[in-house]
Every structure is written in C-alpha cells, then in structure tokens.
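Read the structure below first, then the notes.
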Amino acid sequence: MKGKWIAVIGSGALAIGFAVAGASFADTDDTEVKNGTIRIEKQTEAEFPSMAKISMDQAVERALASVQGQILKAELADENGFLVYDVEVVSAAKAIMEVKVDAGSGKVLAMERDTMNDEDHQSGKQEGDRDHRD
C-alpha cells in the first residue's frame, strides 16, 4: 500500500515538473516582440544606430547563443514599436532562424523559423525577383 502512494505522489510531481518546464520553453519560444527597452516613436531609421545600447557584434553573439549556426544578416529594426536587432541565422539543418535581440538589454525577445526565405530559396527565387508571365 505504501508503494502505491509513493508511485502516485511521484507521478504527480513528475506531471507538475513537465508542466513547469513546458511553460518555461513556451516563454523562450515566442515568435513576436511584445516589449523591449528602447521605444521607437518618431525616430527615423538613420537614428537607430545612435539609440542602440549594445553593438551589432553583441547582438550577433546573443543570437548565436540561442541558435547555433552561421549569420546570414543582421540589422537594426523597428519591431512593434521597439528597437531590436533582427538577426538571421542559418542553422546546421539549413533552416533560417530569425532572432530578435533587444537593442537595449541584449535579451533575446523572439525567435522563429523564417519560412518565407526558406520557400523562396527552395523555389529558386531571390529577394526582388518577380514572376514574369505572358
């Protein structure tokens, strides 16, 4: 009887552990920037570099710490009203991952697979290419 209670309690603790771990992973796998430390209001893109608190090299390091691979491109961008580094990383599996790094704190705010670039690459299209139909 005592063994049954231990099994029941152990199973409950295990289920709670998985739920907490799942919630933690869900927080780090956000695909949309919801906040940041540097607010963009009326600034132009030319003002972005002087507003950033971390360098592009630091942002690239943070992105590579989240997704191992090679950098495809990195740029400062306005994402939902916040200044972020938009870093594209090509993973070992040849997936293009878009990593949003806060330009003020260096925190990774969002990460997602860039499916648009994957589809363009597979179809042989490059940015700026257009379909020419007669």
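Expressed in nm to one decimal, what extension gain is obtained for the pair Ala65 and Asn35 from 0.36 nm per residue of sequence separation less their Cα-Cα distance?
8.7 nm
Taking a threshold of 19 Å on the Cα-Cα distance, which of the pairs Lys34/Lys73; Lys34/Lys94; Lys73/Lys100; Lys53/Lys107 fall above it?
Pairs exceeding 19 Å: Lys34/Lys73; Lys34/Lys94.
Sort 61-72, 88-99, 44-55 by the packing proxy (mean of other Cβ within 10 Å over each peptide's residues), most packed first.
For the peptides 61-72, 88-99, 44-55, the packing ranking is 88-99, 61-72, 44-55.
What's the FRET efficiency of Lys42 with Thr115 using the Cβ-Cβ distance as r and R₀ = 41 Å, to the nearest 0.05?
0.80
Testing the spin-label approximation: label points 7 Å from Cα along Cα→Cβ at Ala77 and Val90. State their distance in nm.
Using points 7 Å along Cα→Cβ, the separation is 1.8 nm.
Could you tally the net charge around Ala74, taking each other residue with its Cβ under 10 Å from the Cβ of Ala74, Lys/Arg +1 and Asp/Glu -1?
-3
Values in this text are rule-based calculations from the coordinates and carry no lab data. Just so it is clear, the structure is predicted and the values come from calculations on it, not from any experiment. Cβ coordinates were reconstructed from backbone atoms using ideal geometry, including for glycine residues, and neighbour counts include every protein chain displayed.
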